[in-house]
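The values are calculated or read from the model by the stated rules, or taken from the named source; none is laboratory data. The structure displayed is predicted, hence computed values, not measured ones. Glycine also receives a Cβ, built like all others from the backbone with ideal geometry; neighbour counts cover every protein chain displayed. Surface areas here come from the heavy atoms of the whole protein model, side chains and all, with no ligands, DNA or RNA. Shrake-Rupley method; radii C 1.70, N 1.55, O 1.52, S 1.80 Å.
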Amino acid sequence: MRDREENKMIHRLKNKILGIFIKTAKKIPAVKNKMNQEYAGIMADMEKSLKPYRGKVETFSSLPTKGLSEELILSLIEGMNKNEEKNWKNGKISGAVYHGDKKHIDFLNNVYSIVSQVNPLHADIWPSASKYEAEIIAMTGNMMHSAEAEKTGDLVCGSVTSGGTESILLAMKTYRDMAREKRGIHKPEIIAPVTAHAAFDKASQYFNIRLRKARVDGYFRVDLSHVKSLINKNTIALVGSAPSFPHGMVDDIPALSDLAYLHGIPFHTDACLGGFLLPWVEKLGVAEYNNRIPVFDFRLRGVTSLSVDTHKYGFAAKGTSVVLYRNPQIRRYQFFKVTDWPGGLYYSPTFAGSRPGALLATAWASLIKTGASGYMDSARKIMKAADIIREGIRNIPGLEIMGDPLWNIAFTTGDHTVYRIMEAMNQKGWSLNGLHQPPGVHICATLVHTRKNLAVQFVEDLKEAATYVREHPEDKGHSAPVYGMAASFPDRETVGDLLDVYMDTLYKL
Ligand SMILES: Cc1ncc(COP(=O)(O)O)c(C=O)c1O
């Protein structure tokens, strides 16, 4: 044990020295050139895999002189779609596809095609859009126990957004503006666990809010004493995850909510991932599950907002989430309006102007099609698959589960070899999520993993992958070293530069 700690310290020290060296060396042109050449190699490989249709499907860099036939266009799109179905249809994925049954997808597509022109910005033309939206918010709020908030004189309300990130961005902007007006705060700070979703970093960068990151404990739940120590007169909101993206752990939301309430600070529960699953898992009444699910919604007096994604376990089409507020007085700070624009009186509740009403309709349709019994049934099935996966991982020598998760299950080897296991799994067709700081890999179970013994197959494949990696230390893998380097490279600016290049690549023809 002591050896491992010492090794870790030496590793950290080496990284630090390497970081200082790289920062200095990067200023020397020859070194810079050499590094650029190395990136170029990595990026060339990456570009190849990101652009598989080059030379295979016609590239349009300008409008075709004469429009193509509908048949030809449909055949191009169907061809690419068919090719990509092999990436997820077998279910060897983590998260990403939450339902996946053809019949359900066809139903959503059918709904979309009926109302593809609807725009809620024109409520006079399409009043149905505001019906869909209000009812999605009410149904989601009800799931989050809005009735409990009414007991304290509140009235839960919200907006449908384009996804979890927008829900989080809106809540953070709302709290920034509210704190400025009500408390005169001009240097706003939010406190979130280090494991909270990157959307909080995005909010911090977009809205000039300082993000104070709180440590997590050995179970990857936020360290309350660290949160407490970070609260100051500029704190505009506290945040907790139910559960977190990396390790699937639910923070101690009741304690965080009390802390926020006692300090008179708003509190946001990020239930993007768990909002449509946790309430139903809770209702299953299995003690083993319930012990890991603290109350996280409007039953708590301190919870002033939640983000809940319809496009994850709500089984809606991609592109919707719900941000909920405890009362309309808070939501008022989210709204945008301009009263002296030559284009007329203008208002917009969320970030977008025009919005896809068809996505509201598909989310509404998914909710009322699935119903309480459907979500409960899905929760039961997903938990069953997750139990097989979790217990299976627990029994694989050399692997350790990170924390004590329910269905979003992270594991580690304690070092970078876990990325080699991820790569070996990739060769078996599995696309899993790599985590870092500390190194780990997770699989987020969805309805797709409840099919055809897939959970059992995952465990068998993982056992083989772990055995292979253990028995072949000489095989360093192809992508694992790159992943390991990106995860632990001391110069984060350089890693950030790589991500810029990656994004540029996505926009290439
Ligand atoms: C906990 C959590 N919060 C927020 C998000 C962001 O959601 P989206 O990708 O829909 O913007 C995710 C996505 O996985 C998540 O897991």
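For this structure, a couple of remarks:
- P(r) weight above 16 Å for segment 372-488, C-alpha pairs, percent: 58
- Using the 1.4 Å probe convention, the accessible area of segment 372-488 works out to 43 Å² per residue with neighbouring protein chains retained.
- Under 5 Å from the amide H of Ala214 lie the amide H atoms of Ala192, Val194, each residue being 5 or more positions distant or on a separate chain, with H modelled from the backbone and absent for Pro and chain starts.
- Cβ crowding within 10 Å averaged over residues, with 269-280, 382-393 ranked highest first: 269-280, 382-393
- For Ala242, net neighbour charge (Lys/Arg +1, Asp/Glu -1) across residues whose Cβ lies under 13 Å away: -2
- Residue-wise HN-Hα coupling along segment 120-135, computed from phi with Karplus coefficients 6.51, -1.76, 1.60 (Hz; x: Gly, Pro): x, 4, 10, 5, 6, 7, 10, x, 4, 4, 6, 5, 4, 5, 4, 6
- Inter-label distance, nm, simple model (7 Å from Cα along the C-beta direction), His122/Lys82: 3.7
- Summarising the amide proton neighbourhood of Val322: residues at separation of 5 or more, or on other chains, whose placed amide H is nearer than 5 Å comprise Thr161, Val308, Asp309, Thr310.
- Centroid-to-centroid separation of segment 463-500 and segment 131-148 [C-alpha atoms, Å]: 44
- Most to least packed among 292-302, 120-130 [average Cβ atoms within 10 Å]: 292-302, 120-130
- The chain: equivalent-ellipsoid semi-axes (sqrt of 5 x gyration tensor eigenvalues, Cα, Å): 36, 30, 27
- Inter-site label distance for Asn109 and Leu224 at 7 Å from Cα along Cβ, in nm: 5.0
- Cα→Cβ-extended label distance, 7 Å offset, between Arg332 and Arg394, nm: 5.1
- Percent accessible area from carbon and sulfur atoms, the chain, protein chains only, probe 1.4 Å: 56
- HN-Hα J in Hz across segment 332-343 - Karplus 6.51, -1.76, 1.60, θ = phi - 60°, x for Gly and Pro: 3, 6, 7, 5, 10, 8, 9, 9, 10, 7, x, x
- Measuring r between the beta carbons of Leu284 and Lys452 and using R0 = 25 Å, the FRET efficiency lands at 0.65.
- ³J(HN,Hα) computed for each position of segment 213-222 - Karplus, 6.51 cos²θ - 1.76 cosθ + 1.60, integer Hz, glycine/proline x: 9, 8, 5, 10, 8, x, 9, 6, 9, 4
- Each Lys or Arg adds one and each Asp or Glu takes one away; over the other residues whose Cβ falls under 15 Å from the Cβ of Lys312, this sums to -2.
- Backbone N within segment 400-424 under 19 Å of label point (7 Å from Lys476 Cα along the Cβ vector): 415-424
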